[in-house]
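Asks: Pasting a structure here, questions to come.
The values are calculated or read from the model by the stated rules, or taken from the named source; none is laboratory data. This is a predicted model, so every value here is computed, not measured. Here the Cβ is made from the backbone with ideal geometry for all residues, glycine too, and neighbour counts use every protein chain on show. Surface accessibility is based on the protein's heavy atoms, side chains included, excluding ligands, DNA and RNA. Shrake-Rupley method; radii C 1.70, N 1.55, O 1.52, S 1.80 Å.
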Amino acid sequence: MSAVLVINSGSSSLKYQLLEMTGETVLASGLIERIGEDAGSVKHTVSASSTAGDAADETFRGSEPVADHAAAFRVMIEAFASHGPSLTENPPIVVGHRVVHGGKRFFEPTVVTDLVKINIEDLSELAPLHNPANLDGITAAQVAFPDVPHVAVFDTAFHATLPAAAYTYAIDRELADKHRVRRYGFHGTSHKFVSEVAAEFLGRDLEQLKTIVLHLGNGASACAVDGGRSVDTSMGLTPLEGLVMGTRSGDLDPAVLVHLHRRAGLGFDELDTLLNRRSGLIGLSGRGDMRDVVEAGDSGDEAAALALDVYLHRLKHYVGSYIAVLGGVDAIVFTAGVGENSVAVRGRALEGLERLGIRIDPQRNASGERGPRLISADDSAVAVLVVPTNEELEIARQSLSVI
Ligand code: ADP
């Protein structure tokens with residue numbers, strides 16, 4: 001057995017998955033939320049694949065205070081002990097950690113050492129909401145699993161191949177360099193995984209394929225992948241740039257900030273909150289979940305209809321610009337919560353692009369199938385696919401690859 005434990009540690013949550021890597025199956029997964037609050041919640045799912053016979057997945061839920069990340073790991077280990085599978089029978093040989101910001105320094109999965117932790121900490125100024133929480137998870141995991149290597153897998157790493165023309169902001173270079181201001185890109189683990197699955201599904205050589213990946217979740221980003229390498233992506237210095245998201249504005253004239261500061265008296269913290277938490281779908285329509293936005297728009301809610309229009313306009317804008325950046329495209333791939341599930345978003349995002357060789361088949365698009373699938377018509381020059389992302393599996397693979 002070669003089990004890998006994958007950890008995604010947020011400021012108040014801990015997500016985990018135990019995978020058996022010989023057959024790449026999930027043995028168990030879980031989510032501990034509201035860490036640091038009076039009542040924490042615990043969810044632990046034992047996968048059917050980890051038990052004998054044809055049992056279904058079984059989920060156990062509980063509620064108890066979880067003081068900090070160290071306590072969350074104790075709760076997780078208790079959940080494995082009480083509900084299975086046994087960590088003694090399936091001891092992880094490596095623990096893989098999702099780390100959001102790797103800056104310029106980390107462009108591949110990296111075995112965690114004290115120096116690596118110092119560097120992750122140092123990058124916190126570029127990802128203040130994420131890196132400190134990722135680091136808390138690593139430190140707690142090292143205490144809980146002291147005898148195995150821990151590997152950090154960075155969301156930014158896949159975009160290390162961006163050319164300077166794509167990652168450089170057209171501002172004063174000295175100032176930008178001094179403060180590490182450039183485009184880094186995020187969701188890299190997902191963009192990498194999804195573009196590779198797409199090539200495999202199409203039976204095409206990844207090296208020869210030009211792909212646009214649209215990762216549309218609560219956060220959303222587009223990525224132009226040429227021969228397996230990221231050559232452009234929509235998120236920038238932080239995950240705020242680019243597409244319209246659940247609560248984030250995406251692209252904006254930077255002068256809007258200056259204007260709102262001068263005219264509306266908004267300070268920088270307020271602007272930060274406005275753009276990251278009160279913009280995007282929620283800012284435009286009061287609804288941050290795409291299901292609600294589509295439903296309200298269909299029932300005549302004008303604000304929701306406009307929110308969806310703005311979302312789709314921006315998406316199409318990126319598809320068009322990435323076709324130009326790549327010099328053509330072989331495959332467009334939808335992934336993450338919205339991309340995998342929203343028939344309406346997929347259908348409308350690529351409407352009117354027939355002259356570019358992009359034609360969706362409405363029946364294929366509406367099929368309830370899961371798994372990687374083709375949704376373009378047979379006469380579409382460009383293959384349009386839905387590929388469920390699996391960041392945990394990608395982190396597990398990458399973590400194994402370096403030990
Ligand atoms: P995260 O970025 O938090 O990982 P996900 O990739 O899980 O998010 O995507 C979550 C989002 O997916 C939800 O906020 C919701 O808007 C959207 N979503 C999920 N199911 C559907 C659906 N059937 N139709 C439209 N949108 C959906």
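Asks: Keeping to the stretch 263-272, report how many residues are exposed (fewer than 14 other Cβ atoms within 10 Å of the Cβ) and in a helix (DSSP H, G or I).
Replies: The number of residues fulfilling the criteria is 4.
Asks: If I filter the stretch 74-96 for residues that are under 17 Å from residue 136 (Cα atoms), under 24 Å from the mean Cα position of the chain (by Cα) and assigned to a strand (DSSP E or B), do I get at least one hit?
Replies: Scanning the stretch 74-96, I find at least one residue that is under 17 Å from residue 136 (Cα atoms), under 24 Å from the mean Cα position of the chain (by Cα) and assigned to a strand (DSSP E or B), so the answer is yes.
Asks: For the stretch 330-346, which positions are more than 12 Å from the ligand (Cβ to nearest atom) and either open to solvent by less than 40 Å² (accessible area, probe 1.4 Å) or within 22 Å of the chain's Cα centre (by Cα) (or both)?
Replies: 331, 332, 333
Asks: Which residues, taken from the stretch 293-304, are buried (at least 17 other Cβ atoms within 10 Å of the Cβ) and either without any contact (Cβ under 8 Å) to a residue 12 or more places away in the chain or within 14 Å of the ligand (Cβ to nearest atom) (or both)?
Replies: Matches in the stretch 293-304: 293, 294, 296, 297, 304.
Asks: While we're here: Just to be sure before I move on: is residue 41 among the polar types (S, T, N, Q), over 18 Å from residue 391 (Cα atoms), surrounded by 15 or more Cβ atoms within 10 Å (Cβ to Cβ) and touching a Lys or Arg at 6+ places or on another chain (Cβ under 9 Å) in the structure I sent?
Replies: It is true that residue 41 is among the polar types (S, T, N, Q), over 18 Å from residue 391 (Cα atoms), surrounded by 15 or more Cβ atoms within 10 Å (Cβ to Cβ) and touching a Lys or Arg at 6+ places or on another chain (Cβ under 9 Å).
Asks: Could you list all residues from the stretch 62-73 that are open to solvent by 10 Å² or more (accessible area, probe 1.4 Å) and assigned to a loop (DSSP other than H, G, I, E, B)?
Replies: 65, 67, 68
Asks: Still on this model: Whether any residue in the stretch 124-140 is β-branched (Val, Ile, Thr), open to solvent by 10 Å² or more (accessible area, probe 1.4 Å), modelled with pLDDT of 95 or more and in a helix (DSSP H, G or I) is what I want to check.
Replies: Checking the stretch 124-140: at least one residue is β-branched (Val, Ile, Thr), open to solvent by 10 Å² or more (accessible area, probe 1.4 Å), modelled with pLDDT of 95 or more and in a helix (DSSP H, G or I).
Residue-wise test of (1) part of a helix (DSSP H, G or I); (2) touching a residue at least 12 places away in the same chain (Cβ under 8 Å).
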position	(1), (2)
242	no, yes
245	no, yes
249	no, yes
258	yes, no
261	yes, no
275	yes, yes
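Asks: Here's a follow-up. Hey, can you tell me all the residues within the stretch 97-116 that are among the hydrophobic types (A, V, I, L, M, F, W, C) and part of a strand (DSSP E or B)?
Replies: Residues satisfying the conditions are 99, 111.
Asks: Follow-up. Among the residues of the stretch 202-233, what is the count of those that are of a type in the set (A, V, I, L, M, F, W, C), open to solvent by 10 Å² or more (accessible area, probe 1.4 Å) and either modelled with pLDDT under 95 or not in a strand (DSSP E or B) (or both)?
Replies: Final tally of qualifying residues: 2.
Asks: Could you please let me know if residue 250 is open to solvent by less than 50 Å² (accessible area, probe 1.4 Å) and either in contact with a Pro (Cβ under 8 Å, 6 or more places away or on another chain) or within 19 Å of residue 130 (Cα to Cα) (or both)?
Replies: In short, yes.
Asks: Also, I was wondering about something else. Does residue 158 fit the bill of being under 17 Å from residue 336 (Cβ atoms), crowded, with 24+ Cβ neighbours inside 10 Å and at pLDDT 95 or above?
Replies: yes
Asks: In addition: Being farther than 21 Å from residue 137 by Cα and modelled with pLDDT under 95 is true for just one of 50, 12. Which residue is that?
Replies: Result: 50 is the single residue among 50, 12 that is farther than 21 Å from residue 137 by Cα and modelled with pLDDT under 95.
Okay, residues lined up against (1) farther than 22 Å from residue 235 by Cβ; (2) among the charged types (D, E, K, R); (3) within 16 Å of the ligand (Cβ to nearest atom); (4) touching a Leu at 6+ places or on another chain (Cβ under 7 Å):
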| site | (1), (2), (3), (4) |
| --- | --- |
| 284 | no, no, yes, yes |
| 310 | no, no, yes, yes |
| 328 | yes, no, no, no |
| 348 | yes, yes, yes, yes |
| 362 | yes, no, no, no |
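Asks: Hey, among the residues in the stretch 112-123 that are of a type in the set (D, E, K, R) and open to solvent by less than 70 Å² (accessible area, probe 1.4 Å), which one's nearest to residue 219 (Cα to Cα)?
Replies: 122
Asks: Looking only at the stretch 377-388, which residues are touching a residue at least 40 places away in the same chain (Cβ under 8 Å) and either within 22 Å of the chain's Cα centre (by Cα) or farther than 17 Å from residue 209 by Cα (or both)?
Replies: Within the stretch 377-388, 384, 385, 386, 387, 388 meet the criteria.
Asks: Kindly check whether there is at least one residue in the stretch 369-382 that is more than 13 Å from the ligand (Cβ to nearest atom), over 30 Å from residue 18 (Cβ atoms), at pLDDT 95 or above and part of a helix (DSSP H, G or I).
Replies: no
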